[in-house]
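The values are calculated or read from the model by the stated rules, or taken from the named source; none is laboratory data. Nothing here was measured: the structure is a model prediction, and the numbers come from that model. Backbone-built Cβ (ideal geometry, glycine too); neighbour counts: all protein chains shown.
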Amino acid sequence: MNYDICIIGGGPGGYSAAIRGVQLGGKVALVERESLGGTCLNHGCIPTKNLYAMSELLRQIGEGDKFGVKAHGVDFDFDRAMEGKAEVVTHLRGGLEKLFKEHKIDIFNGRGTINSPGRVQVETPLKSEIIEAKNIIIATGSEAADIPPLRIDGKNIIGNREVLALPKMPASLLIVGGGIVGCEFANIFARIGTKVTILEQLDRILPSCEKEVSRLIKKRFEERGIEIICGQSVVLGEVSGNSVKVGLSDEKEITADKVLVAVGRRLNSFGLDLEEAGIAVENSAIRVNEKMETSVSGIYAVGDVTGGWNLAHVAAQEGKVAAANAMGKEAQMDYRYIPAAIYIHPEIASVGRGEESLKKEGIAYNVGRFPYLANGKAIAMREEDGFVKVLTSKGDGSTLGVHIMGAHASDLIAEATLAMKKACTAEDIADTIHAHPSLAESLQEAWEDTEGLAIHKMGRRRQ
């Protein structure tokens, strides 16, 4: 069978490449060994956001008295919550399958390997077949990594897949890794009543965030009863019956019903016969340029397997860039303005540089801050816990970074990302009329505050 593009992997990078390839006039095949949508749709982004929405509903019910809503005898049904999560995943996967049918994209269910440039071999338990294509796009993603004392067994010591398929709610959960994944699951399980402990080897949770954000989230988590241990590593992991005993580097021990290992991702670059095809790999990551081209002409790679951002939205854009180049167009990636969001309470989102990196490089900058506590919409929603911080250049007024902690941060960050991509100055944003009342006004006033001109903020005047 001959195609313009054959894609290995059906996650956000792979399916975006497939659809864009067809939109540009190509005949496309996609090889997927499991389910269309990849980790993001089936075992990651989407199911966790459904459970996050559930946890937010529980929080809002608990705070209903602020609005005169008195809820008594509210029950939480773990089984129904997991069923609801599965319904969401099935619905979205069905939508993808309809898109593929509409675009006449051929799906091959099996494990794909690169037989040679222009040839993909698909193996299933029943047969083996060869797909011939002018271009190949590798989009095989990543899987949960583990560590020697705590090897994921799928039952007591679990990763992101297993935690989303638990048959019952654990009474206690130890999360090894205080990064984004670890904190998102901590937020969910603590809200439904599980005793949660986070163990982080570094000196703070959420090390990729601004230090003040990490500090505030640690405080909020601890107020909710989440135990946080930083600066300790795991030296022992021992399963005993239905629990796991974990020994720490300070000789303390923790016992929990389940241990969730959230220490990063392992790239799925193995088993593809990359070396035989001559594709350059470094530390398990497929090397690519800004066009997503590998070292072999006609072979591209996108998403986690390239060792880049490990974000679904980045993989999707890389997939579109790769497909465009495969179809003879000119496209390349721009990694300067990549938004990131963390779905906990309160939400976190950011784009661009942070204060620490700017200080290290000696870049002069202004700081604009605006608290949710001074935003009319946030107060009306009783979501006063949060702030917006904007960093602008003292030289040309350009925006260097935006950091948000608070309700709907993941939605608000889009304006900041577009503003940075289009090189908007603080004055450009300040002079743009924002709807009132809206949380987005906090962005406007944070930009105004870089010049000391925020209307609803006390204690600062323009010099």
Here is a list: Ile136, Ile130. Which entry is assigned to a strand (DSSP E or B) and surrounded by fewer than 16 Cβ atoms within 10 Å (Cβ to Cβ)? Ile130
Considering every residue within region 346-362, establish whether at least one is within 21 Å of Met420 (Cα to Cα), charged (D, E, K, R), touching a strand residue (DSSP E or B) at 6+ places or on another chain (Cβ under 7 Å) and part of a strand (DSSP E or B). no
Taking strands (runs of 3 or more DSSP E) that fall entirely within region 1-114, which contain at least 1 residues that are of a type in the set (D, E, K, R) and crowded, with 18+ Cβ neighbours inside 10 Å? 2-8, 28-32
In this structure, is Arg353 among the basic types (Lys, Arg) and in contact with a Gly (Cβ under 6 Å, 6 or more places away or on another chain)? yes
Check off (1) outside the structural domain of Phe370 (by TED's automatic domain parsing); (2) surrounded by fewer than 21 Cβ atoms within 10 Å (Cβ to Cβ); (3) not basic (Lys, Arg) for Ala454 and give me the number that stays unchecked. (2)
Quick check on region 118-125. Is at least one of its residues assigned to a strand (DSSP E or B), in the same structural domain as Glu293 (by TED's automatic domain parsing), touching a helix residue (DSSP H, G or I) at 6+ places or on another chain (Cβ under 9 Å) and buried (at least 16 other Cβ atoms within 10 Å of the Cβ)? no
Note on Leu274: of the conditions (1) surrounded by 21 or more Cβ atoms within 10 Å (Cβ to Cβ); (2) modelled with pLDDT of 95 or more; (3) over 22 Å from the mean Cα position of the chain (by Cα), unmet is (2)
Got a sec? Which of Phe221, Phe189 is under 22 Å from Lys85 (Cβ atoms) and outside the structural domain of Gly38 (by TED's automatic domain parsing)? Phe189
Can you tell which of Val244, Val239 is β-branched (Val, Ile, Thr), outside the structural domain of Ile348 (by TED's automatic domain parsing) and either crowded, with 16+ Cβ neighbours inside 10 Å or in contact with a Leu (Cβ under 7 Å, 6 or more places away or on another chain) (or both)? Val244
Of residues in region 286-301 being over 18 Å from Gly141 (Cα atoms) and among the small types (Gly, Ala, Ser), the one surrounded by the fewest Cβ atoms within 10 Å (Cβ to Cβ): Ser297
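Just wondering, is there one or more residues in region 235-253 that are more than 30 Å from Val120 (Cβ to Cβ) and within 23 Å of the chain's Cα centre (by Cα)? Step through it out loud before you land on a result.
Taking region 235-253 first, the residues more than 30 Å from Val120 (Cβ to Cβ) are 235-253.
Filter once more, keeping what is within 23 Å of the chain's Cα centre (by Cα): none.
Scanning region 235-253 turns up no residue that is more than 30 Å from Val120 (Cβ to Cβ) and within 23 Å of the chain's Cα centre (by Cα).
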Note: among Asp304, Asp257, Asp273, just one is in contact (Cβ under 8 Å) with a residue 60 or more places away in the chain and at positive phi, namely Asp273
Candidate set from region 375-410 (those that are of a type in the set (D, E, K, R) and closer than 12 Å to Leu439 by Cβ); member that is surrounded by the most Cβ atoms within 10 Å (Cβ to Cβ): Glu383
Test set (1) surrounded by fewer than 21 Cβ atoms within 10 Å (Cβ to Cβ); (2) in a helix (DSSP H, G or I) - Gln232 fails condition number: (2)
Condition first: free of Cβ contacts under 8 Å to residues at least 40 places away in the same chain and part of a loop (DSSP other than H, G, I, E, B). Now tell me which residues in region 279-288 satisfy that. Ala280, Asn283, Ser284, Arg287, Val288
